[in-house]
Every structure is written in structure tokens, then in C-alpha cells.
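The values are calculated or read from the model by the stated rules, or taken from the named source; none is laboratory data. Here the structure is a predicted model, which is why all the values come from computation and not from measurement. Neighbour counts run over all protein chains shown; Cβ positions are idealised from the backbone, glycine included. For the accessible areas, the whole protein counts, side chains as well, though only heavy atoms, and no ligand, DNA or RNA atoms are used. Shrake-Rupley method; radii C 1.70, N 1.55, O 1.52, S 1.80 Å.
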Amino acid sequence: MKLYNTLTHSKDEFVSNEPGKVKMYTCGPTVYHFAHIGNLRTYIMEDILEKSLEYVGYDVKRVMNITDVGHLSSDADTGEDKMLKGAKREHKTVMEIAKYYTDAFFEDCRALNIRVPATTIPATSCIPEFITLVQALLDKGYAYEAGGNIYFDTSKLDEYYVFNKHDAEDLETGVREGVEEDSNKRNKIDFVLWFTKSKFEDQELKWESPWGLGYPGWHIECSAISMKYLGEYLDIHCGGIDNAFPHHTNEIAQSESYLGHKWCNNWFHVLHLNTSDGKMSKSKGEFLTLSLLKEKGYDPMVYRLFCLQSHYRKALVFSYEGLDNTAAAYNKLLARVAALKKDDGEFDEAGAAPLRASFREALENDVNSSLAITALYDVFKAEVNDATKLALIAEFDKVLSLSLIENAAKVKDEPEAIDDDAILALVAERAEARKAKNFKRADEIRDMLKNMNITVEDTPNGPKIIRK
Ligand code: AMP
Ligand code: ZN
């Protein structure tokens, strides 16, 4: 399997530390608000990565954190605490906010068929591990105390910028939102491991530590949680591209300084979902959540398909027009699945082999989900019986997770579940097929519609759809 690795800037042959096994860590959500659909794009693509690894034969052990403490408004450890901001906004305690939005995140994952890792760990449950790690970094001389806080000393590293060489301009992004510099830092790019003093309003949650009552920085939680549950060697670390710097850069700095060896070989970053006028935001413009899309009548599977149609390493622009096109494509896909006959013979191994091969090849090619969707479409066109088609669709859908079989069954039971546009698209395809003298395809489509108890009558006002 080939995977693009942000560390090497190239598509490399993936090799895990232990043959056949993958240890994978995912940065989880900061639970101060609902996830926006950009965040969810990242989780969908990480889900596809995990399921692709399984499809090609790996046993994957995956861990995710839930950030319920320590993430400040700027990723570079300055600004107001995000959780506190959420609590104030809703007149609740930080833990109430954390519980509410963690549950909301799990509900989004359920609706989008994103598998939540069995080991999903709230940061607040691992405070002793963070303290141990910070103490070890102090003991080894990689950290210092200043103004009541503990900082990581980036000048102790031979190489800090492991992903990209940043210049002062890039740093400005790290310290965005007009927040002042922290004068305690020895170097501009040092970062906080443990806070006991913040010049911003204090955290609600604090814990005893050797340095006084305080709370952890954001970056330390991912290093400590990953090492606690996955050990000293990690195969793949994932996140959205904005996490590469400073968050993942800092994770690498502290983890490798602590361990004394390389920590993670492969870094998988998902590019952003943007709106046509720029970055997706939780505070400006329309706050695009999955609930909002559901309210507007979109099935969450349509959003999942919208994401799968693009490669994870390309920025994706969200538009309702794009989503409408995907909704039509999804309905058409369901109609095609619904039209397949269940009891049509034995599974055709030989016929299935090239279809399986092209699906697998797509996944092995840096998780090319759009090519995997093309391989799925190829199943409908293949010269194999319906039983084979249905079995392959079910198999591919273990990775794609578009609920194709399940939702197609609903289409069969309630023909009105399939929208007119999808039916008209099939009718148009049949007309094209007849014109091209492809009578086999034309008959197939006629049978599909018949199986769905749908007939189409030509009237002077255009085709009329009749549902029995
Ligand atoms: P957060 O809850 O802010 O910690 O972010 C959760 C995940 O979403 C992280 O992996 C981020 O890198 C990722 N993310 C943030 N914004 C976007 C976006 N517009 N598109 C895709 N992923 C994003
Ligand atoms: Zn993280």
C-alpha cells in the first residue's frame, strides 16, 4: 500500500513496525462546540484509511483523544481556553460542555458511519501521564520553568520544523487572532507543557502537580495518550492539515525528546474543506454542521459520498449545488442496487477477481477514494450475475460505508424514497442506450425500474413517473 507521508513529502510504500499490524493515532475533537462538516471530512477520510488498511489485510489498533482541556484559541498556546469559552457561551460548566459535545460528536460519527475507535480517551482522564511526561522532559533538560509555567525548549533540538521550514510569516499564523507574545518564552516557538499561570482568564479545571495547581497544554495530551495506549512506536498519526504545525510538530518534539528515538513513521494529513468564500468557521458565516444538512433534507450518506468523491489530499470546496449533485448520484446508486435480484445464482469468483483488484488498487494508491467509487460503479457494468454484484457491493461498502444495501432495501420497500431526478436519469440513460443500439443495457434499466415498481409514461409534457 502506498501512502503520502507529510514527513517525507512523498508517496511511500507503507511499512508497519510489526508485520500485519498497524498502530494508528488520531487527534480527536475539541469538544467546546459542534463539529463542523470540515472537521467531519477529516474524520471520514481517517475512517476510510483505517478500513482500507483492514481491507488489504492489516490488523489496525486505533486510538483517539477527546480534547476537553488545554486547547487555547490559538494553537500556539495563547488566547482564551476554548472549553471555557464554550462554557461561558452556554452558561454551563466545562465538564457539562465536554459531555454534551462529546455525545454530539459520537452521534455525528454514528450518522456518517465513522467508526469511533474503541480506545477514545478524554484528556482529563490522563493527567498523571501528562505530569510524568513533563517531569521527564524537565529532567532530561528539554523543558524549563518560567513565570509559573513549564515550556518545551525548542533550541535543544537539532531539527524542530520536521514537516516544513517555516518562516516568521508562518509563525504569525500560529500566533493568530491578535494575541500578544508570551514573554516567559526563551524562544519564540517554545510551547507550553503545563500551565499554572495564564494571563487569560483561568481554567475551571485544575490539578495538583509538582509545579503547582494547573492544567496541561494541548500538545502534551496526544503524545502521552498515544504512548500510553500504543507504546513507543507508532505507525500512522492522522489529523487535518492545520494540525501539522504547530500541534504535530510539537508532539514530535516532545515525544522524541522523551523517547530518545523516532516515534512515528507516517503522518497522514487531510486537506481542508472550505467554503467558496474561504475557511470553514464555527463563529463566522453559516455554521455548517451535519444537523444543519439533515434539517435541509440531506441524508448524511450524501455528505459522506461528497467527501469520498475527492481525494483527501486535495482541498475541497463545499457548495449546496455540489451536494445536490451528489444526492442525485447517491439516489441513482441506491436505485441501481435496489434493482439487482437477490437470488440470481452462485458467486462468480473469476468474474469478481478483476473488480476486486481494481477496488483494492484504488485503496492501495494512497487511499484514492474517488477511484474506489469508480470501481464500485464498474460492478454494475460488469458481465457477472446479480448475486456476484450484490456480494461485491456489500464487500466494498465495508470500506466505503455508504449503507448501500441497507438504504437500497428501503428504496425497494418505499419507491417514493427514490427521487424523481434519479429515475429520470435512468430513463435518459435508457434512451441513450437504445440510441446506441445497446439493447442489453436498455433492457437492464427497464428491469431495474420494473423491480422498483416504477413505470415511466411519455406524455406531451414530458415523461411521467408512476409509482405502484
Ligand atoms: P478541532 O476540533 O478543532 O481540534 O479539529 C478537529 C479536526 O478537524 C482536526 O483534525 C483538524 O485538523 C480538522 N479540521 C479543522 N478544520 C478543518 C477543515 N476546514 N476541513 C477539514 N478538517 C478540518
Ligand atoms: Zn493531537
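In the stretch 193-240, which residue that is at pLDDT 95 or above, assigned to a strand (DSSP E or B) and small (Gly, Ala, Ser) is surrounded by the fewest Cβ atoms within 10 Å (Cβ to Cβ)? Among residues in the stretch 193-240 that are at pLDDT 95 or above, assigned to a strand (DSSP E or B) and small (Gly, Ala, Ser), the one surrounded by the fewest Cβ atoms within 10 Å (Cβ to Cβ) is GLY240.
Residue-level check: of (1) more than 14 Å from ligand 2 (Cβ to nearest atom); (2) surrounded by fewer than 22 Cβ atoms within 10 Å (Cβ to Cβ); (3) touching a residue at least 60 places away in the same chain (Cβ under 8 Å); (4) more than 20 Å from LYS82 (Cβ to Cβ), ARG304 misses just (2). Just to be sure, is ASP348 modelled with pLDDT under 95 and open to solvent by 20 Å² or more (accessible area, probe 1.4 Å)? For ASP348, the condition - modelled with pLDDT under 95 and open to solvent by 20 Å² or more (accessible area, probe 1.4 Å) - is not met.
Scan the stretch 258-292 for residues that are within 30 Å of ALA143 (Cα to Cα), open to solvent by 10 Å² or more (accessible area, probe 1.4 Å) and in contact with a helix residue (DSSP H, G or I) (Cβ under 6 Å, 6 or more places away or on another chain) and report the count. The total comes to 1. Candidates ASN65, ASN39: the one that is in contact with a Cys (Cβ under 7 Å, 6 or more places away or on another chain) and under 27 Å from GLN203 (Cα atoms) is ASN65. Restricted to the stretch 233-280, and to residues there that are under 26 Å from SER155 (Cβ atoms), among the aromatic types (Phe, Trp, Tyr) and within 13 Å of ligand 1 (Cβ to nearest atom), the residue that is nearest to the chain's Cα centre (by Cα) is TRP267. When SER52, SER16 are checked against the criterion of being within 26 Å of TYR161 (Cα to Cα) and hydroxyl-bearing (Ser, Thr, Tyr), a single residue qualifies: SER16.
Listed by position, the helices (runs of 4 or more DSSP H) enclosed by the stretch 379-457 that each have at least 1 residues that are modelled with pLDDT under 80, open to solvent by 70 Å² or more (accessible area, probe 1.4 Å) and closer than 21 Å to LEU305 by Cβ are 404-413, 420-435. For the stretch 95-123, residues that are open to solvent by less than 80 Å² (accessible area, probe 1.4 Å) and closer than 21 Å to THR289 by Cβ total 17. Among the residues of the stretch 134-166, those identified as open to solvent by 10 Å² or more (accessible area, probe 1.4 Å), within 15 Å of SER209 (Cβ to Cβ) and in a helix (DSSP H, G or I) are GLN135, ALA136, LEU138, ASP139.
Is it the case that PHE245 is touching a residue at least 40 places away in the same chain (Cβ under 8 Å), under 15 Å from VAL69 (Cα atoms) and either open to solvent by less than 10 Å² (accessible area, probe 1.4 Å) or aromatic (Phe, Trp, Tyr) (or both)? Criteria not met by PHE245. The combined condition, being part of a helix (DSSP H, G or I) and in contact with a Cys (Cβ under 7 Å, 6 or more places away or on another chain), is fulfilled by ILE44. As a summary of the residue check, ASN39 satisfies the conditions (1) away from ligand 2 (no atom under 16 Å from the Cβ); (2) in a helix (DSSP H, G or I); (3) open to solvent by 10 Å² or more (accessible area, probe 1.4 Å) except for the one numbered (1). Looking across ALA111, ALA87, ALA35, ALA98, one residue alone is within 11 Å of ligand 1 (Cβ to nearest atom) and hydrophobic (A, V, I, L, M, F, W, C). It is ALA35. Quick check on GLY57: is it in a loop (DSSP other than H, G, I, E, B) and more than 22 Å from ALA244 (Cα to Cα)? The answer is yes for GLY57.
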